[in-house]
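The values are calculated or read from the model by the stated rules, or taken from the named source; none is laboratory data. These numbers were taken from a predicted model, which means no experiment stands behind them. Backbone-built Cβ (ideal geometry, glycine too); neighbour counts: all protein chains shown. These accessible areas exclude ligands, DNA and RNA; they are computed on the full protein's heavy atoms, side chains included. Shrake-Rupley method; radii C 1.70, N 1.55, O 1.52, S 1.80 Å.
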Amino acid sequence: MSYSLTPRSILRDVTLRDGLQLTGKVLPTDRKLEIARGLLALGVPELEIGSMARPDLVPPMANTLELIGELTPDELDHCWVWVATPRHVEKAAAAGARNFQYCFSASESHNRANIGRSTDDSLAAMPAAVELTRAVGGRIQLCIATSFTCPFEGDVPADRVLAIANDPRGDGADDIVLADTLGQAVPAQVAALVARVKAESPQRRIVFHGHDTWGLGVANTLAAIGAGASVVDGSLGGLGGCPFAPGASGNTSTEDIAFATRPDWLTPQTLTALVDIATPMLTELGEPNRSRTAEGTRSEAHAFEWVRPA
């Protein structure tokens with residue numbers, strides 16, 4: 001029986017970027033490649049595979065260019081790379097990347113902490129990033145971090161986010177990503193902002209990037225889908241967080257979002273395989289598994305088809 005709630009939405013796994021960036025260890029390129037190919041083989045439609053952030057500031061991203069170079073062009077069609085400057089786009093494109101998440105913050109304080117410049121300076125550089133993307137036949141997203149709250153400024157007004165989304169300097173973006181960077185939003189907030197941005201940018205996909213800091217990751221994700229989000233982000237085992245946002249914890253779990261939304265590629269067997277990709281990775285990193293779905297698959301209720309066979 002199908003319980004899919006997402007005929008228009010897809011799940012993007014961001015383990016290899018946002019998931020890894022707060023960990024203390026660098027996964028070798030071959031392990032990242034194994035994880036990426038494992039997720040794609042299961043049918044996960046899109047991945048975020050790395051970041052062009054400075055490796056001295058975000059060490060787990062140091063081998064992003066090596067990973068890009070190992071993936072095939074067909075695989076890279078499904079993959080996104082985090083960038084914050086036109087130079088980032090140029091370097092990633094030279095390695096073979098074609099899809100870029102150009103990210104900056106709605107709040108000035110967080111953008112200066114995260115990227116080292118003002119929000120307006122980041123937005124002013126976006127047309128050059130768009131031009132570089134178009135030159136390689138790629139796609140680019142306008143990612144608005146701290147779309148709901150900022151660790152330094154508190155609540156971020158929705159009008160501030162709408163002004164950025166509607167700024168003509170971002171017109172070349174294919175998608176708009178609304179990020180609940182701190183995981184402090186509630187479903188009504190998420191639904192309202194997604195609906196407003198969707199209404200004013202109907203030609204673009206709206207992506208919701210949530211964190212589970214306050215336990216509302218799945219609820220917020222479902223609210224975003226209900227309001228018109230085309231893509232929602234998750235990370236294996238709920239791994240992740242922002243190194244420049246005090247109080248940010250893990251992303252909403254990929255397993256939990258998948259179990260809640262039942263995409264076409266998810267079966268009891270692929271869910272088990274998804275958990276089996278996450279478990280050794282988290283052990284290698286010394287990180288806990290925060291996915292309630294992963295825990296559920298290990299229960300004794302074997303009459304439920306989603307439980308791992310005895």
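Just a few scattered comments:
- Relative contact order (percent, whole number), the chain, Cα cutoff 8 Å, 6+ residue spacing: 18 percent
- Sorted from longest to shortest, the spans of the Cα atoms of the chain along the three principal axes equal 57, 41, 34 Å.
- Principal semi-axes in Å for the stretch 105-249 [√(5λ), Cα gyration tensor, largest first]: 22, 18, 14
- Between the listed residues V186, L216, I140, the Cα displaced farthest toward the positive end of the dipole of the chain, a dipole computed from Cβ unit charges relative to the Cα centre, is found at I140.
- Once the 1.4 Å probe is applied to the protein heavy atoms, the chain comes out at 39 Å² accessible per residue.
- Computed over the chain, the per-residue total of -39500 (n - 2.57) for DSSP H runs of n ≥ 4 gives a 222 nm mean residue ellipticity of -11000 deg cm²/dmol, rounded to 500.
- Solvent-accessible area of the chain (1.4 angstrom probe, protein heavy atoms only): carbon and sulfur portion equals 55 percent.
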